[in-house]
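Take a look at the structure set out below.
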Amino acid sequence: MKRTAPHRRRVLRGAAGLLGAAALGGCDRLAGTPFGQRALKLGEDANLFVQRLLLTPQSLAREFPESAISADFKPNGTIDPPDEAYKALVADGFSGFKLAVGGLVEAPQALSLADLRAMPARTQITRHDCVEGWSSIGRWTGVPLAEILARAGLKPTARYIVFHCADTMELAGGGLDEAGTPIQYYESIDLTDAYHPQTILAYDMNGQALPVQHGAPLRLRLERQLGYKMAKYVMRVEVVDSLARFGDGRGGYWEDRGYEWYAGI
Ligand SMILES: Nc1nc2c(c(=O)[nH]1)N[C@H]1C(S)=C(S)[C@@H](COP(=O)(O)O)O[C@H]1N2
Ligand SMILES: [Mo]
């Protein structure tokens, strides 16, 4: 054990360096080439390996004081879902909203915002890092995902959590895949991240109900990964054993377009 330690440290440093190179290279350009795809995949595996080894699974992302909250938290990606079903929810002040929880669970759930607000809550002031290179700090309050999963009860084959969002991507351009199915934003995480104490479904931002541009009425906060993992407009949580049948099978809207599935920071 002792004798192999320096070697292992070198391996880890190499892995971290590789990840850094991938991050600096401009993800879009890198992702567009076969080499880039391989490098991103390698970087991702190394990144997951390093984090899982160096951090205990439950180590917390940094939390900040109130004074650090950004006056202007940048909204990004979809900021006003064009979908009629979503617009109807907005018009109604989200009174008709129910978060569906299903898949490999013992007891599927349909939780209103009142139900969610009645559950145990967590508040955290954290920094959001987008893959595009900007960061903002916000204060988030919501239900720990662990509480929701405890209520539903996971079946033994459960491995991942998939978040289905309300926003159809590129609706103006058709928003359909080859099979004619709407392409909606989606994301996924493994159970280690699902049970992390800072993994919450947030309904408040900076002390107010989550605004539409930031994902109303409910969005994922997952503080040890990049911004694109943090699904906004979450309508349905699905517990699954494999990610193969969603989108192109890479675990998320942006992952299907070349980004890493494990986007650790
Ligand atoms: N449903 C949905 N979730 C999403 C996106 C999106 O376009 N649609 N964009 C992602 C990206 S790239 C980022 S950086 C964050 C932006 O969150 P914000 O608008 O609160 O800054 O949401 C993520 N979650
Ligand atoms: Mo992002």
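Table for the structure above
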read-out: Any hit, segment 92-114, residues being of a type in the set (Phe, Trp, Tyr) and either outside the structural domain of Tyr253 (by TED's automatic domain parsing) or in contact with a Lys or Arg (Cβ under 6 Å, 6 or more places away or on another chain) (or both); value: no
read-out: Verdict on Trp140 being surrounded by fewer than 16 Cβ atoms within 10 Å (Cβ to Cβ) and aromatic (Phe, Trp, Tyr); value: no
read-out: Residue pairs meeting the criteria (Cβ under 6 Å; at least 6 apart or on separate chains; first free of Cβ contacts under 8 Å to residues at least 40 places away in the same chain, in segment 217-228; second among the polar types (S, T, N, Q)); value: Leu222/Thr199
read-out: Residues being open to solvent by less than 60 Å² (accessible area, probe 1.4 Å) and either touching a helix residue (DSSP H, G or I) at 6+ places or on another chain (Cβ under 6 Å) or not assigned by TED's automatic domain parsing to the domain that holds Ala158 (or both) - total across segment 74-84; value: 2
read-out: Count of segment 121-166 residues which are within 16 Å of ligand 1 (Cβ to nearest atom), within 15 Å of the chain's Cα centre (by Cα) and not polar (S, T, N, Q); value: 14
read-out: Pairs with Cβ under 8 Å, 6+ apart, first in segment 73-88 and without any contact (Cβ under 8 Å) to a residue 40 or more places away in the chain, second surrounded by 14 or more Cβ atoms within 10 Å (Cβ to Cβ); value: Lys87/Pro81
read-out: Segment 224-246: number of residues that are touching a Lys or Arg at 6+ places or on another chain (Cβ under 8 Å) and either open to solvent by 10 Å² or more (accessible area, probe 1.4 Å) or near ligand 1 (Cβ under 8 Å from one of its atoms) (or both); value: 8
read-out: Answer residue from segment 204-223, given it is within 16 Å of ligand 2 (Cβ to nearest atom) and in a helix (DSSP H, G or I) and is least open to solvent (accessible area, probe 1.4 Å) among those; value: His214
read-out: Segment 167-192, residues that are within 16 Å of ligand 1 (Cβ to nearest atom), open to solvent by 30 Å² or more (accessible area, probe 1.4 Å) and in a loop (DSSP other than H, G, I, E, B); value: Glu170, Ile183
read-out: Answer from Met169, Met119 - the residue that is in contact with a Gly (Cβ under 7 Å, 6 or more places away or on another chain) and either within 16 Å of ligand 2 (Cβ to nearest atom) or among the hydrophobic types (A, V, I, L, M, F, W, C) (or both); value: Met169
read-out: Residue match in segment 235-244 (condition: in the same structural domain as Ala100 (by TED's automatic domain parsing) and under 16 Å from Ile125 (Cα atoms)); value: no
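Residue by residue, here is whether (1) assigned to a helix (DSSP H, G or I); (2) open to solvent by 70 Å² or more (accessible area, probe 1.4 Å); (3) touching a helix residue (DSSP H, G or I) at 6+ places or on another chain (Cβ under 6 Å); (4) not β-branched (Val, Ile, Thr) holds:
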position: Ser59; (1), (2), (3), (4): no, no, no, yes
position: Ala71; (1), (2), (3), (4): no, yes, no, yes
position: Tyr86; (1), (2), (3), (4): yes, no, no, yes
position: Val90; (1), (2), (3), (4): yes, no, no, no
position: Leu116; (1), (2), (3), (4): yes, no, no, yes
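The values are calculated or read from the model by the stated rules, or taken from the named source; none is laboratory data. Everything quoted here is computed from the prediction, not taken from an experiment. Neighbour counts run over all protein chains shown; Cβ positions are idealised from the backbone, glycine included. Each accessible area value is taken on the protein alone, full model and side chains, heavy atoms only, with ligands, DNA and RNA left out. Shrake-Rupley method; radii C 1.70, N 1.55, O 1.52, S 1.80 Å.
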